[in-house]
Amino acid sequence: MSKSQRDKGHNWERAVVNMLKDRGYAASRNLTQTRDSGGDIIIGKWLFECKRYAKIAVYTWMDQAIKAAGEKLTPVVIAKADHKEPIVIMRLDDFFEIMGKSND
């Protein structure tokens, strides 16, 4: 991976941290993730992998998040393709858990 690609990824992680902070979450980058195999950001039971690429590789990234999350955290990928708005990728069962049983 080139320095510009690493910088692009780090800048995206910082942007996601700032978006989370703007919404009241105590977010920070996990700077030990390379050594400890953790995700980019961990908040409570949520593990976030932040991806910023020209093309999206959804299942590869989700597999990485699932492995890093282990049994105790809920894996989520926050991705942004070039010239596109950010999206959140998560397992359907985890989504249903957040959605709850309401029809509201």
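The values are calculated or read from the model by the stated rules, or taken from the named source; none is laboratory data. Quick caveat: nothing in here was measured; it's all calculated off a predicted structure. Here Cβ is always computed from backbone atoms with ideal geometry, including for glycine, and neighbour counts include all displayed protein chains. The accessibility values were calculated without ligands, DNA or RNA, using every heavy atom of the protein model including side chains. Shrake-Rupley method; radii C 1.70, N 1.55, O 1.52, S 1.80 Å.
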Using 0.36 nm times the number of residues separating Ile87 and Arg23, minus their current alpha carbon distance, what extension gain do you get? 21.4 nm
Let's see if you can work this out: charge +1 on each Lys and Arg Cβ, -1 on each Asp and Glu Cβ, no other charges. What is the dipole magnitude of segment 5-104 about its Cα centre, in debye to the nearest 20? 300
Mean accessible surface per residue for the chain, computed with a 1.4 Å probe while every protein chain stays in place, in Å²: 71
Evaluate the distance, in nm, between pseudo-label points positioned 7 Å from the Cα of Ala15 and of Met1 along their respective Cα→Cβ axes. 1.6
³J(HN,Hα) computed for each position of segment 61-71 - Karplus, 6.51 cos²θ - 1.76 cosθ + 1.60, integer Hz, glycine/proline x: 5, 5, 4, 5, 5, 4, 5, 5, 6, x, 8
Quick check on the chain: helices-only [θ] at 222 nm, where DSSP H runs of length 4 and up contribute -39,500 (n - 2.57) each and the sum goes over total residues. Nearest 500, please. -13000 deg cm²/dmol
Which order do Asp40, Asp82 take by accessible area at a 1.4 Å probe, largest first? Asp82, Asp40
What's the carbon and sulfur percent of the chain's accessible surface, probe 1.4 angstrom, rounded to a whole number? 53
Lys pairs, the chain - Cα-Cα below 24 angstrom, 8 or more residues apart or on other chains: 28
How much length is gained if the chain between Phe96 and Lys8 is pulled fully straight, taking 0.36 nm per residue apart and subtracting their Cα-Cα distance, in nm to one decimal? 28.5 nm
In whole Hz and in residue order, list the ³J(HN,Hα) couplings for segment 19-24 that follow from phi through the Karplus curve 6.51 cos²θ - 1.76 cosθ + 1.60, θ = phi - 60°; x for Gly and Pro. 4, 5, 4, 4, 9, x
